[in-house]
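Worksheet: the structure to be examined is printed underneath.
The values are calculated or read from the model by the stated rules, or taken from the named source; none is laboratory data. All of these numbers come straight from a predicted model, not from anything done at the bench. Cβ sites come from the backbone with ideal geometry, for glycine too, and all protein chains shown count toward neighbours. To get the accessible areas, we keep the full protein, side chains included, count just its heavy atoms, and leave off ligands, DNA and RNA. Shrake-Rupley method; radii C 1.70, N 1.55, O 1.52, S 1.80 Å.
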There are 6 protein chains.
Amino acid sequence: MSDEPGADIGAETRRRLESAATATLAATLQKRGVRTTFMAGLAPLKPGQRMVGRARTLRFVPIREDLVETYAPRLNTQRAAIESLQPGEVLVIDARNDTEAGTIGDIFAVRAIELGAVGIVTDGAVRDAAALRRLDMPVYARASHGATFRRMHMPVDQQVPIACAGVTVVPGDVIVGDEDGVVVVPAGLADEVAAEAEQQEFEEEWGMERVAAGETTDGCFPITPARRPEFEAWLAARRERSS
Amino acid sequence: MSDEPGADIGAETRRRLESAATATLAATLQKRGVRTTFMAGLAPLKPGQRMVGRARTLRFVPIREDLVETYAPRLNTQRAAIESLQPGEVLVIDARNDTEAGTIGDIFAVRAIELGAVGIVTDGAVRDAAALRRLDMPVYARASHGATFRRMHMPVDQQVPIACAGVTVVPGDVIVGDEDGVVVVPAGLADEVAAEAEQQEFEEEWGMERVAAGETTDGCFPITPARRPEFEAWLAARRERSS
Amino acid sequence: MSDEPGADIGAETRRRLESAATATLAATLQKRGVRTTFMAGLAPLKPGQRMVGRARTLRFVPIREDLVETYAPRLNTQRAAIESLQPGEVLVIDARNDTEAGTIGDIFAVRAIELGAVGIVTDGAVRDAAALRRLDMPVYARASHGATFRRMHMPVDQQVPIACAGVTVVPGDVIVGDEDGVVVVPAGLADEVAAEAEQQEFEEEWGMERVAAGETTDGCFPITPARRPEFEAWLAARRERSS
Amino acid sequence: MSDEPGADIGAETRRRLESAATATLAATLQKRGVRTTFMAGLAPLKPGQRMVGRARTLRFVPIREDLVETYAPRLNTQRAAIESLQPGEVLVIDARNDTEAGTIGDIFAVRAIELGAVGIVTDGAVRDAAALRRLDMPVYARASHGATFRRMHMPVDQQVPIACAGVTVVPGDVIVGDEDGVVVVPAGLADEVAAEAEQQEFEEEWGMERVAAGETTDGCFPITPARRPEFEAWLAARRERSS
Amino acid sequence: MSDEPGADIGAETRRRLESAATATLAATLQKRGVRTTFMAGLAPLKPGQRMVGRARTLRFVPIREDLVETYAPRLNTQRAAIESLQPGEVLVIDARNDTEAGTIGDIFAVRAIELGAVGIVTDGAVRDAAALRRLDMPVYARASHGATFRRMHMPVDQQVPIACAGVTVVPGDVIVGDEDGVVVVPAGLADEVAAEAEQQEFEEEWGMERVAAGETTDGCFPITPARRPEFEAWLAARRERSS
Amino acid sequence: MSDEPGADIGAETRRRLESAATATLAATLQKRGVRTTFMAGLAPLKPGQRMVGRARTLRFVPIREDLVETYAPRLNTQRAAIESLQPGEVLVIDARNDTEAGTIGDIFAVRAIELGAVGIVTDGAVRDAAALRRLDMPVYARASHGATFRRMHMPVDQQVPIACAGVTVVPGDVIVGDEDGVVVVPAGLADEVAAEAEQQEFEEEWGMERVAAGETTDGCFPITPARRPEFEAWLAARRERSS
């Protein structure tokens, strides 16, 4: 899959990312030596949603009143970030984990939906979480807070590398969310990671079946070489069934 | 509206506060230069409730065993605060954001309901959250903890200015809560703030309609002078409809 | 009740522990001078479950890559802790309150269920909370995180005294959980504490009735000597009814 | 010693408090069941000073701009607290452990010295620590910060019980400071605690002599009944020497 | 004074900034409505130094192993920031307040000195603080840590607006440091702020003289209109003396 | 070098460890993939000391009053750990980073010195830091606190793997301290790490010379292949000089 921010996620990769747990994706990246991809401490505003999209980034810095006219006249940087959203993108906001003010509210979120965005992730707070919860788009945040961003923040640039909830996000990264939270999949690794994650989920499905049948985990999770033929047979049969 | 702790919230103001989001109220106060009114990190024990009432304050300090007989004989200060609750009041507890012990439990909460209280807010923990959740009164807290307050706290005085979740609360302040959290509206500003918040909610309702119809936010959120006549016309029509 | 890790919780004590609130148990222990028994900051993955069981402990330390082969070859210490679970036990994990990686996932949890375990408590994060939520066993954790434990942790020993969420747990302690959280009841005190907690719950039930009937809490919570005969009569009647 | 805020500390008690380590005083209070007397996290601005005085308290709450005219017109509450300082008193400031603004600076500190104050303790920050360090009075703080208190705080009342660095302080408490930090000695216990602390320091002096001479600590720290006669003889000799 | 990053600080302004306390500068900015200019929690590695220079910024994000080749090949971004230092500049590093790895060490610091830099400020940790302490250049940091930045960080861009210790810094800002810490003076306000700060220091010097002479602070700190003529006379005399 | 706890550190390795900066040692381990070896947030009680010794570990858990008689009768576990100290050992205490009570005081420290211990490291607080500062042995701690350990802690076992300031320490690890803090060198890697660190320090010495002579860091830090011959010649000359 291409690293280009605008490039599309391939259909096969998308399907795999939509069905893999964020925990499986994070573990797959971890095995490849990419340790820090899971955003700690963010929760979805409502349960049961999945999110897969490319990152569009927005960076906030602490408000400095003498700079407001330069950086945040009539919300311009934030508005520009929203307006530049492409279909299939996720807006990812770096608010330095500071939850003492909101970073986005429902009108901007609806505009994002209108433009085809598929999710919003902020490591700060959202305003009016109840209204956001009613929208048909996953939103992940650390907290809710009533104040507008001006209480603490100033949007300063967009489409630059940011830190969000302790994870570096570059424009175009694949952002995947489920009930556990949000994981960042590097675009250049997305195809491989999605394929490995699918394989891992099969292995865990088989392992779970074995354990639910009363076996110990030793041998079937992780699968030892001795048990692998058995798993392969199961997987072949499973694939036949589902085709 | 009067600053007097006992004075009633006017009917019009109450109606407006009951329908305004805490986020809108906090933003309205922010515009007037009152920056710190939203209590960060508190959550309602159950969703879907609204709370509007005047503050009755209770202040805890760290327990000091040599002082217990002076300040907390048989719960007296806390009990006195509960017993002095007037109809329409919200009990607001300063527990220094310390969640290592409870600050109130269900029997005192039921007594508060009996006396006409309309809510409880603590920046510490509650005991037996499950029991409190069954009551018909909003309760906001930072956490739940099984220990009684004596593990960490000692109630020391009531009806004095306190800090609750980072916000100063003085007796008689108007305390408003929704799903997002709790905002403190100064009594002397309540009428004006409620009116402005209602107007702001109309503006956001119109802005949302425009954005949901596919417009960009630029012009309609916030409303620019050029678009204001359009909004005014919409508002007049809306008011006609609802009257 | 015996201190022996394997020994069973008596039927009467078990019945009492299953119906007492963790808040009541913590308060009962507090009165006896045992101050720190309630695990702060842990939440059940799903509401409405009760947990009563004996502790089996597992201790994690920070990962040190040079030691992985000694302490965590192919998950051995963690696996050994799981495999040694006895019916009626709760697995309690000391992860130093570090939520930057998971500490347990669904396959090991299912294995624990198969072995008769009745709960899992970790002061770190769980992986794949959604999957764990579907299981028929209470799980308490501080957070969820996608990474496997190797990102931060290394299991180092089991069945030793540990700290979990700020509370010391020794193997065989009675671990009780409800919607509020988790309390540790020392095995040697379990019978007495369970009996006292039941009595306390009766006192609070009566107190609640009195307060709901419009009385002040003064006299009935806590019960003063003057009101005790009244309570005793109520209790006798109540017991008659329920027998 | 009297509980009266104005009452003097007796000469003998003062002498003992001036030579006892804060660690010894805290331990002595701990043995009597008063657990929380040592202020955690405060440091003296310069080393080598001792502080013994009665507490005068000042309480800050978070700034609320609509209340500034009521509570902090031209610094009035803070100024009043300073002006009411009596000779031998220590000003103790409750700033909720918030270090995001100063709470006192050098001019007010010099005024305090002029009035006979013997120390300043704040659980927030001081402004211009370098200037304060040049004064001849111990100052304890959590940090230094350039902003004036108005950035975060509003002084709201004085001579009420406060929390300072996690310890409750009531007006008139005896405040003792050394290089380790600050301990609060309840006025009513000061005579006894001072005497016990002196005795404890003798015991530790003897224990240290024994250990420095190559003995194990077992028997001489703490002193066992078997070794007590030996200690008593040493103490009698020591007292003779120093008289 | 010009906003241009390269432009020089005027001699008069420089003289004033070198003699004003950071506390005075922060307070002067606060009065003008710029609230957040003092970096909280940073300390100079050694006492007794003053720092005044223009900011050159360097931004770190969390390390992501798949991006290291892009953003940090052989230290390139950090090296480039160092190499681009102009005489009179202060290197200001945004490390997200994360102290779990170093952000700069002594060789790069010596190179900065060679290039004419006048200070280094990081909101993370430094490596080998002892070596840095021996250099003739002020260094401000939150901590020291032995690990190289790769343990946690990845330098990602330079000369962009950053957050450092909670304060936004833009390239060219005037960075002033003393024993208390570091304050950011916006370039466009530097001349005025320096002048006002000098005036404020005169007022405080007079106030201090008055208070040291036994007066109350009321009237002389802050100076009331009634006392201003007295101050003005003192100031005129003082200026005559020092000219 | 042997992994055996009692085994001695070879003379050559000791000499190298005594002259290498902890930052160099941490970086050397980092390069070998051992990421977490530097104890964050601990400071030496006094500057200018070096510490090299083998770890003897002591583990504290939160106090639980019902267990005190089992685990901490008359200080036994702590005393046993002290008494078992061998010459050349460093006592390393796991106090869960909790600084709300002391973990060791001066009498036990003097006993440690008598037994030949060469340092004490605790991730909690020490009692009576002033007294400890007067001893001729390095002590590293997070804070000082007056209370005895019983306020928060209970020593529970010794010579087991522990976490200290975020780093796993196993008995026999080589513990090295300087002004920056403390690094843990695995015994089995000590010889190699010491040799590599010495080489690294030579490289940095040469790099520093080059930079101090006006060169850019590019090429000489880290040393590129093109410059390596130059460095090797310098190193040979340097070795000749010092032999």
TODO: Please work out which residue of chain E brings its Cβ closest to the axis of the rotation superposing E onto F, and round that distance to whole Å.
DONE: E:Ala43, 7
TODO: Starting from the Cα of A:Lys46, draw a straight line to each of the lysines and keep only those under 17 Å, dropping any in the same chain fewer than 8 residues away.
DONE: B:Lys46, C:Lys46
TODO: Report, as an integer, the average count of C-beta atoms from other chains found within 10 Å of each Cβ along C:27-40.
DONE: 6
Open item on the list: For B:Val92, what residues show an amide H to amide H distance below 5 Å, using hydrogens built from the backbone and excluding near sequence neighbours?
Closed with: B:Arg56, B:Thr57, B:Leu58, B:Val121
Task: Shielding score for C:43-56, defined as the mean number of other chain Cβ atoms within 10 Å - done: 0
Open item on the list: Contact order normalised by length for segment D:105-148, with contacts defined as Cα pairs under 8 Å and 6 or more residues apart; what percent is it?
Closed with: 43 percent
Task: Whole-Å semi-axes of the ellipsoid equivalent to chain A (Cα gyration tensor, √5λ, descending) - done: 38, 17, 16
Open item on the list: At 7 angstrom along the Cα-to-beta-carbon line, where would the label on C:Glu192 sit relative to the other copies? Give the distances in nm, shortest first.
Closed with: 2.6, 5.6, 6.3, 6.3, 7.3
Open item on the list: Computing the accessible area with a 1.4 Å probe over protein heavy atoms, can you report the carbon and sulfur percentage for the protein assembly as shown?
Closed with: 52 percent
Task: chain A - percent relative contact order, Cα under 8 Å, separation 6 or more - done: 28 percent
TODO: Could you size up the charge dipole of segment A:92-149 around its Cα centre, putting +1 on the beta carbon of Lys and Arg and -1 on that of Asp and Glu, and report it in debye to the nearest 20?
DONE: 100 debye
Open item on the list: For a protection proxy built on the mean count of beta-carbon atoms within 10 angstrom, sort E:49-56, F:82-89 highest first, please.
Closed with: E:49-56, F:82-89
Open item on the list: Quick check for me: using +1 on Lys/Arg Cβ and -1 on Asp/Glu Cβ, what's the dipole size of segment D:106-212 about its Cα centre, in debye to the nearest 20?
Closed with: 1080 debye
Open item on the list: How shielded is E:216-222 by partner chains, expressed as the average number of their Cβ atoms within 10 Å of its Cβ atoms?
Closed with: 5
- [ ] Positive end of the charge dipole of segment D:12-82 (Lys, Arg +1 and Asp, Glu -1 on Cβ, about the Cα centre): tell me which of D:Val61, D:Thr22, D:Ala43 has its Cα farthest that way.
- [x] D:Thr22
Open item on the list: Tell me which of B:Ile162, B:Pro186, B:Gly207 sits at the most positive position along the dipole axis of segment B:162-213, charges placed on C-beta atoms (Lys, Arg +1; Asp, Glu -1).
Closed with: B:Ile162
Open item on the list: For B:Glu230, place a label point 7 Å from Cα along the Cα-to-Cβ direction in every copy; what are the distances to the other copies, in nm, shortest first?
Closed with: 6.4, 6.7, 6.8, 6.8, 9.4
Open item on the list: Restricting to bridges with both residues inside chain A, how much of the DSSP beta-bridge set is antiparallel, in percent to the nearest 5?
Closed with: 55 percent
Task: Over the protein assembly as shown: Rg over Rh, Cα atoms, Kirkwood Rh - done: 0.95
TODO: With θ set to phi - 60°, apply the Karplus curve 6.51 cos²θ - 1.76 cosθ + 1.60 along segment B:97-114 and write out the HN-Hα couplings as whole Hz, x wherever there is a Gly or Pro.
DONE: 6, 8, 9, 8, 6, x, 10, 7, x, 6, 5, 5, 5, 5, 4, 4, 4, 4
TODO: Along Cα-to-Cβ, 7 Å out, sits the label point; list in nm, shortest first, how far the one on E:Asn76 is from those in the other copies.
DONE: 3.2, 4.5, 6.4, 6.4, 7.5
- [ ] Based on the mean of other Cβ atoms within 10 Å per residue, sort peptides B:108-118, A:227-237, A:18-28 so the most packed one is first.
- [x] A:18-28, B:108-118, A:227-237
Task: Label point distance in nm, B:Arg241-E:Ser84, each placed 7 Å from Cα along Cα→Cβ - done: 5.4 nm
Open item on the list: Given the C-alpha atoms of segment A:43-90, compute the convex hull and give its volume per residue in Å³.
Closed with: 109 Å³
Task: Nearest-20 debye value, chain F charge dipole, Cβ charges on Lys, Arg, Asp, Glu - done: 560 debye
- [ ] Pick out which of B:Val183, B:Val211, B:Val121 has the largest mean-square fluctuation in a Gaussian network model of chain B, springs linking Cα atoms closer than 10 Å.
- [x] B:Val211
TODO: Calculate the spin-label point distance for B:Lys31 paired with C:Glu215, positioning each point 7 Å from the Cα along the beta-carbon direction, and give it in nanometres.
DONE: 5.2 nm
Task: C versus F: buried accessible surface, summed, Å² (probe 1.4 Å, to nearest 100) - done: 2100 Å²
Open item on the list: Given a 1.4 angstrom probe, what's the average accessible area per residue across chain D, in square angstrom?
Closed with: 34 Å²
